[in-house]
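Rule-based calculations on the coordinates, nothing more; no lab input. On a predicted model such as this, the values are computed, not experimentally measured, just so you know. FYI the Cβ positions are ideal-geometry reconstructions off the backbone, even for glycines, and counts take in every protein chain you see.
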Amino acid sequence: MKEFLSRSTGTADRRAANKVANGIVAEWDALFDELTLALKAPIIPKYDFPFDLSAIPEEHREYIALQIGAAREYYLSAKNHPNKQYEKIDAVWNGAGDIVRDGIVDKDDPLFDEYINVLAEMDLASDFEGVFDIVQSDVIGFGGPSAHVLARKVDTYLRSEAGGLTLEQVVKRYMAKREADNSRPSHLVGQRATIKLFASLLPQGLKTPIAEISGANAVDFAALVASKWQVHKTRQNKLSEISSVFNYARKALKEISANPFDGYDDMLPRQKTRVKSNSRNRGFTGQQLCEVLNWLSVCSKKGHSASALNLLPAAMLAAYTGMRLEEISRIKLGDLKNDGEYDYLDITESKSEAGERRIPLNRGSRLVLAWLRGNKVDTKSAYLIEGLSEYDNRRSKKMSDTFSRWKADGLEWAGVKNEYTFHSFRSTAATCLDRADLPVEYQSLIIGHVDGRNTLLQKVYSEGKRMDQLVDAAQYIDYGDDVFKLCAELLSELAEVRKTPSVRRVLR
């Protein structure tokens, strides 16, 4: 087959293979025009190819010869006797499957494109026979789209040294692992788009054997990324997304010995020096904290969505506990616990192991949690923050978006657009602990970070020795009596809003 494909072009690349494949179709049309259209025996004889099959693995040659002849006979019979031949064809194929029987259709049938797509997605190296089973169901034989697909698959198979994984196969396994690891769907969509862009530079696209992709391909992609995206961090992220696939192929699959994207930073143009880099998630000052809480109160009272109505208490709780917004959105009634002496929040749903922690309550967190319990509308919901729906596996997605929009509309501090986010409430709480000169381990346990020794300090809890010290530490997250009274007043006003029937419907 390889020799035949190379006869007129000297190479077995995809374009040449497609061209020769079309010639093969023409030869077959001429050779089979004289064959009878009726099926006279339950077994279709093997077709003797007019070209060399030595390049195909020996264990597949006889099967392929038989299947090609059978597929052509099937095509001619279905084409000329679509109704009368149905039972005979079904018997001949001896239970080949629904997809074969359903293949007796006109090429205008809605399922036609589906057959071609199934063929295009199959792996010739690992499912050699399956490819030809699918081809049998294509009623236009080996002409048109199927000739193109078959030629490309034969070329990829011969190039892959009979079994090396293609980029597409590696990507499928890598993405399956990421999905099993509960990666965010939006991240996976973005990474797939990046991989597709990279594959567009390869002669065989996603069908390229992973072992044949070189450092030169990586440099070409880096140049393309640099031309499409101006922000250096975005460029790095795009190359990192591809590099992680090759790292998986090298470490987990053992398909390659080196990652062509290693040192991808050196492939990008040097980053321009900035005069000053913005600091994101900057903590609020005391005055700023009052301003942002007042502004959130104004917006929340006008809100018509669950995200708007819950944002004010969520912000207060973040400021008094240092919790992440997603952690707050997932607090359940059962997470409020008492160990016989101290009240605390038991955080079991966090993005990291260090985030799974117990946070002793202080006066601010007690105020907000008591308010949430006392003003709960949906008695069937286990969550304290009610009425939210999951987007991209996050209950907090809409609240985060709402905060970004309100912040831009009503706050006018310098840097408010780029330097302050909802995470700034968490940073503000961390600043309180830092200023108290507490041991780093206490700060890490309350905020949910890994400490400077890179030790997951959750282990301290299992010994049960430091809850009293943590209780004392949590009291340092405080902003004075004026801020505490402001929070109580704003929550009282919001409670009146939540009593209206229209708002209660939103929160259910």
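Order by neighbour count: S297, S214, S381, fewest other Cβ atoms within 10 Å first, most last. Walk me through the intermediate numbers first.
On the way: S297 21, S214 11, S381 16.
Ordered from fewest to most neighbouring Cβ atoms within 10 Å, S297, S214, S381 come out as S214, S381, S297.
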Arrange the following residues from fewest to most other Cβ atoms within 10 Å of their Cβ: I213, I195.
I195, I213
Mind checking the full-extension length gain between L411 and C290? Use 0.36 nm per residue of separation minus the Cα-Cα distance, one decimal, nm.
42.4 nm
Order 468-478, 489-499 from most to least packed using the mean count of other Cβ atoms within 10 Å.
468-478, 489-499
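Find how much the distance from R173 to R504 grows on full extension, using 0.36 nm per residue of separation minus their present alpha carbon separation; answer in nm with one decimal.
Working: separation 331, 0.36 × 331 = 119.16 nm, distance 4.58 nm.
Taking R173 through R504 to full extension adds about 114.6 nm, to one decimal.
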Would any residue of the stretch 190-206 have its amide N under 15 Å from a label point 7 Å out along Cα→Cβ of S227? List them or say none.
197-202
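Take each of the peptides 364-374, 331-341, average the number of other beta-carbon atoms within 10 Å over its residues, and list them starting from the highest. It would help to have the intermediate numbers written out before the result.
On the way: 364-374: 18.1, 331-341: 12.6.
Descending mean neighbour count gives 364-374, 331-341.
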Overall dimensions of the stretch 167-267 by Cα: Rg and Dmax, Å
12.8, 35
Based on the alpha-carbon set only, what is the convex hull volume of the stretch 256-410 divided per residue, in Å³?
206
Could you give the Stokes-Einstein D for the stretch 189-326 in µm² per second, using the C-alpha Kirkwood radius, 4 °C, 1.567 mPa s?
68
Under 13 Å from a label point 7 Å along Cα→Cβ of A180: give me every residue in the stretch 250-266 with its amide N that close.
252-253
Which FRET efficiency value, to the nearest 0.05, do you get for T431 and D401 by plugging their Cβ-Cβ distance into 1/(1 + (r/R0)^6) with R0 = 35 Å?
0.85
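Based on other C-beta atoms within 10 Å, arrange H187, H304 from fewest to most.
Details: H187 12, H304 9.
Fewest-to-most ranking of H187, H304: H304, H187.
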Could you give the dipole magnitude of the stretch 286-507 about its Cα centre, charging the beta-carbon of Lys and Arg +1 and that of Asp and Glu -1, in debye to the nearest 20?
860
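Between rounded, prolate and oblate, where does the stretch 286-507 land on the alpha carbon gyration tensor, with a ≥ b ≥ c its root eigenvalues, rounded for a/c under 1.5, else prolate if a/b exceeds b/c? It would help to have the intermediate numbers written out before the result.
Numbers: a/c = 1.65, a/b = 1.37, b/c = 1.21.
Prolate, because a/c is 1.5 or more and a/b exceeds b/c.
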Placing +1 at every Lys and Arg Cβ and -1 at every Asp and Glu Cβ, with all other atoms neutral, what dipole size does the stretch 167-267 have around its Cα centre, in debye to the nearest 20?
360
Selection from L253, N281, A314 lying farthest towards where the dipole of the stretch 242-340 points positive, charges on Cβ:
N281
Simple label model, 7 Å out from Cα along Cβ direction - N237 to R192, nm
1.8
